[in-house]
Amino acid sequence: MVAHLRVLELTLVTYVEDDTLSLLFAFGSLVPQALVVVLLTLVLSRRELQRVYLLAGLTLSTGLNDLVKDSIRQPRPLGSSRSGFGMPSDHAQFMFFLSTHVALRSGGFWLLLFPVAGFVAVSR
């Protein structure tokens, strides 16, 4: 059976047509991008240093991820439309960095973030 891939509009995220789990994973891979928009909005509207530091940490984490990818050199899965190395996942690293930061800085909100981070990691 050949799976037919579809593209979520306005993104390059693909999912298997008529597969609800694949569609959920596609949306899961968009969580980090949505959180960047929220974080940038908070930085620009409130100008709080804590959020600027978080944004800087996420940026450094992404840079570190590129170095690790170049060291591990794990190819992307077959059929991937992207080039370069695939592991570790930028999305998963982003979400676990964010979750850890929030867990260290605040109360119960991290209880929601770690399961979301796990979902994003599985979706990758």
Exercise for review: Determine whether region 22-44 contains at least one residue that is loosely packed, with under 11 Cβ neighbours inside 10 Å and of a type in the set (Ser, Thr, Tyr).
Suggested key: no
Check your understanding: Restricting attention to region 24-31, does a residue exist that is under 27 Å from Ala3 (Cβ atoms) and in contact with a strand residue (DSSP E or B) (Cβ under 8 Å, 6 or more places away or on another chain)?
Key -> yes
**Study point:** Residue check, Thr11 over 18 Å from Phe96 (Cβ atoms) and modelled with pLDDT under 75
**Key:** yes
Check your understanding: Is it true that Gly79 is modelled with pLDDT under 80, part of a loop (DSSP other than H, G, I, E, B) and over 24 Å from Tyr15 (Cβ atoms)?
Key -> no
Exercise for review: Determine if region 49-70 includes at least one residue that is outside any helix (DSSP H, G or I) and among the basic types (Lys, Arg).
Suggested key: no
Review point. List pairs: first in region 27-40 and under 20 Å from Val122 (Cα atoms) and touching a residue at least 24 places away in the same chain (Cβ under 8 Å), second among the polar types (S, T, N, Q) and surrounded by 17 or more Cβ atoms within 10 Å (Cβ to Cβ), Cβ under 8 Å, 6+ apart or cross-chain?
Key: Gly28/Ser123; Ser29/Ser123
Check your understanding: What number of residues in region 47-69 are of a type in the set (Lys, Arg) and surrounded by fewer than 11 Cβ atoms within 10 Å (Cβ to Cβ)?
Key -> 1
Exercise for review: Go through (1) modelled with pLDDT of 80 or more; (2) of a type outside the set (Asp, Glu); (3) on the phi < 0 side of the Ramachandran plot; (4) over 17 Å from the mean Cα position of the chain (by Cα) one by one and return the number of the condition Gly63 breaks.
Suggested key: (4)
**Study point:** Qualifying positions in region 93-108 - surrounded by fewer than 21 Cβ atoms within 10 Å (Cβ to Cβ) and part of a helix (DSSP H, G or I)
**Key:** Phe96, Phe97, Thr100, His101, Val102, Ala103, Leu104, Arg105
Review point. Can you name the condition, by its number, that Leu58 falls short on among (1) modelled with pLDDT of 80 or more; (2) closer than 24 Å to Tyr15 by Cα?
Key: (2)
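The values are calculated or read from the model by the stated rules, or taken from the named source; none is laboratory data. This one's a predicted model, so the numbers in the text were calculated from it and none came from an experiment. Here Cβ is always computed from backbone atoms with ideal geometry, including for glycine, and neighbour counts include all displayed protein chains.
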